[in-house]
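The values are calculated or read from the model by the stated rules, or taken from the named source; none is laboratory data. The structure presented is a predicted model; accordingly, all values stated were derived computationally and were not measured. Here the Cβ is made from the backbone with ideal geometry for all residues, glycine too, and neighbour counts use every protein chain on show. Heavy atoms of the whole protein, side chains included, go into the accessibility calculation; ligands, DNA and RNA do not. Shrake-Rupley method; radii C 1.70, N 1.55, O 1.52, S 1.80 Å.
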Amino acid sequence: QVQLVESGGGLVQAGGSLRLSCAASGRTFSTYAMGWFRQAPGKERRFVAGINWSGGTTYYADSVRGRFTISRDNAKNTVYLQMNSLKPEDTAVYFCAADPTTTIPTTTLKYAYWGQGTQVTVSS
């Protein structure tokens, strides 16, 4: 069982930056793939970025590639999402997710564990 708690959301102006954190409980964090998803009001939850268990492989949605960076610190049981050059369309609730797989899933159904989410609002 893994519990995930996101933090770091907030209100930022367009062009600004935020860093989200996701702290995980459990001794097996280092064996899990981790992902970040986001959900805007009235829209489905969508993949943003993912990282494999070691941190050696990452994958991004086209909409954030080059602006967002996912990383992890297995010693701290934490995964991060550094978000730069934020745009109003990045406004959403951001969720982290975990799954005991060696791949990087990009769909919600492939992740077994989810956090409660943190709100990110980008003003124009």
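Values as computed for the structure displayed
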{"quantity": "Strands (runs of 3 or more DSSP E) wholly inside region 50-124 containing at least 2 residues that are open to solvent by 30 Å² or more (accessible area, probe 1.4 Å)", "calculated": "58-60, 68-73, 78-83, 118-123"}
{"quantity": "Selected residue (only one of SER71, SER54, SER25 is among the small types (Gly, Ala, Ser) and touching a residue at least 40 places away in the same chain (Cβ under 8 Å))", "calculated": "SER25"}
{"quantity": "Residue in region 37-44 that is surrounded by fewer than 20 Cβ atoms within 10 Å (Cβ to Cβ) and closer than 16 Å to VAL2 by Cα present", "calculated": "no"}
{"quantity": "Enumeration of residues in region 83-107 that are of a type in the set (Ser, Thr, Tyr) and within 21 Å of SER25 (Cβ to Cβ)", "calculated": "TYR94, THR101"}
{"quantity": "Flag if GLY16 is of a type in the set (Gly, Ala, Ser), part of a loop (DSSP other than H, G, I, E, B) and in contact with a strand residue (DSSP E or B) (Cβ under 8 Å, 6 or more places away or on another chain)", "calculated": "yes"}
{"quantity": "Members of region 46-71 that are in contact with a Lys or Arg (Cβ under 7 Å, 6 or more places away or on another chain) and basic (Lys, Arg)", "calculated": "ARG46"}
{"quantity": "Odd one out for GLN3 among (1) surrounded by 17 or more Cβ atoms within 10 Å (Cβ to Cβ); (2) within 21 Å of LYS110 (Cα to Cα)", "calculated": "(1)"}
{"quantity": "Sole residue being at pLDDT below 95 and within 14 Å of the chain's Cα centre (by Cα), chosen from GLY55, GLY50, GLY35, GLY26", "calculated": "GLY55"}
{"quantity": "Failed item, numbered, when GLY26 is tested on (1) open to solvent by 50 Å² or more (accessible area, probe 1.4 Å); (2) not in a strand (DSSP E or B)", "calculated": "(1)"}
{"quantity": "Test: residue in region 95-103 that is in contact with a Ser or Thr (Cβ under 8 Å, 6 or more places away or on another chain), at pLDDT 95 or above and under 18 Å from SER17 (Cβ atoms)", "calculated": "no"}
